[in-house]
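Data block below; observations after.
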Amino acid sequence: MTQLSADQIASYHDNGFLAPIAVFSAAETLTYRRRLEAVEGAVEVGNERAARAGLPITHAWAWDLVHDPRIVEPISAVLGPNVLLWSMDWFIKAPGRSYVSYHQDATYWGLEPHHVATAWIALSDAGPKTGPMRFLPGSHRGPLFAQDETFAEDNLLSRGQVVRTRVNASKTMLAPLAAGEMSIHHVRIVHGSEPNRTDDRRIGMVLRYCATNVRQTKAEGDRAILVKGVDVHRHFEMIPRPRKDGGKRERELARRHGKTRFKALMEDATAAGSSPTLPPNPPPTRPPTPPRP
Ligand SMILES: O=C(O)CCC(=O)C(=O)O
């Protein structure tokens with residue numbers, strides 16, 4: 001299914017997220033997982049995260065994937081006709097204690113206005129036991145909360161950021177996905193996820209899209225890929241399709257882009273270990289270990 005129904009679009013705008021949406025067949029999902037694993041296996045231990053983040057810059061298959069109409073058409077249905085890919089992130093949750101605290105993406109990405117939506121695509125099972133995402137429906141229509149930066153060890157977020165408000169767990173909704181399915185969520189929605197209690201890693205390929213009128217307010221020279229329509233605004237430098245997978249030119253651009261993104265996403269982070277003014281929300285539902293205060 002590539003086109004969303006009117007009810008699905010209304011549900012997204014009402015709740016701030018939509019799931020599940022079928023995208024890849026089992027065979028395609030496995031192919032992408034194997035490609036990811038090949039890239040991870042080809043770099044030195046410790047460099048996997050950077051290699052993954054740069055994939056649409058360094059590998060043509062990833063550049064093509066972010067244009068896939070099965071992803072882009074539903075995104076365009078909620079963002080409008082002119083769409084950029086801003087980022088490919090990976091939320092890979094190994095079995096164990098890792099979790100994601102309740103946060104709002106809009107607070108720290110520097111993207112304005114908030115015409116931004118994430119396609120979170122499961123490249124492995126993201127069923128209830130794997131710690132799928134949990135959303136607070138409608139919270140994208142409410143305020144942007146201040147966030148405390150806990151840098152908690154098992155928190156998968158870069159700053160361990162936690163919204164500075166009490167989230168009523170009984171009002172949240174779990175969004176489990178089968179491998180090959182995706183969810184879409186609004187950049188302002190409050191969301192998080194629990195630890196993975198299975199034996200396999202939960203692999204989320206996380207594509208951040210925005211409308212072409214969006215600009216980066218925290219760093220000069222941010223980059224994007226036009227995946228649909230036209231870009232009359234030109235707020236981002238365009239990333240070209242990689243000519244050679246893992247080529248020197250491609251790796252150099254990915255390295256420079258990594259620096260730009262660090263500036264946008266991390267330069268204003270408080271020092272690690274800063275103490276929050278309120279106790280942070282625990283990971284959604286029952287935590288095995290609470291985040292450090
Ligand atoms: O994968 C998760 O559990 C959280 C992902 C997330 O926070 C996001 O995609 O914005």
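At a glance:
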| item | result |
| --- | --- |
| Gain upon complete extension [LYS248, ALA94; 0.36 nm per residue less C-alpha separation] | 52.3 nm |
| Expected 222 nm ellipticity per residue - DSSP helices of 4 or more, -39500 (n - 2.57), all of the chain, to 500 | -7500 deg cm²/dmol |
| Spin-label model distance (nm) - THR217 vs ASP268, 7 Å beyond Cα toward Cβ | 0.7 nm |
| Extension gain, VAL45 back to ARG241 (0.36 nm per residue minus Cα-Cα distance, nm) | 67.9 nm |
| Neighbourhood charge, 13 Å Cβ-Cβ cut-off, centred on ASP200 and excluding it, Lys, Arg +1 and Asp, Glu -1 | +3 |
| Tensor-based shape of the stretch 9-91 (alpha-carbon gyration tensor, a/c under 1.5 rounded, otherwise prolate or oblate) | prolate |
| Nitroxide proxy distance, nm - points 7 Å out along Cα→Cβ at THR198 and GLU37 | 1.4 nm |
| Dipole magnitude of the chain, debye to nearest 20 (Cβ charges: Lys/Arg +1, Asp/Glu -1, about Cα centre) | 340 debye |
| Pairwise centroid distance, computed over Cα atoms, of the stretch 171-236 with the stretch 60-134, Å | 3 Å |
| 4 °C / 1.567 mPa s Stokes-Einstein diffusion coefficient of the stretch 6-266, Kirkwood radius on C-alpha pairs, µm²/s | 70 µm²/s |
| Among the listed pairs LYS129/LYS263; LYS93/LYS263; LYS129/LYS218; LYS129/LYS171; LYS129/LYS244, those beyond 31 Å (Cα-Cα) | LYS129/LYS263; LYS129/LYS218; LYS129/LYS244 |
| Environment charge at SER98 (Cβ cut-off 13 Å; Lys +1, Arg +1, Asp -1, Glu -1) | +2 |
| Two-site label geometry, ALA169 and ALA6: point separation in nm, points 7 Å out along Cα→Cβ | 4.0 nm |
| Positive minus negative residues near ARG134 (Lys, Arg vs Asp, Glu; Cβ under 12 Å) | 0 |
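Since every read-out is calculated from the coordinates, none of them should be taken as a lab result. Remember, it's a predicted structure, so these values are computed and weren't measured experimentally. Positions of Cβ are generated from backbone atoms using ideal geometry, with glycine treated the same way; all protein chains shown enter the neighbour counts.
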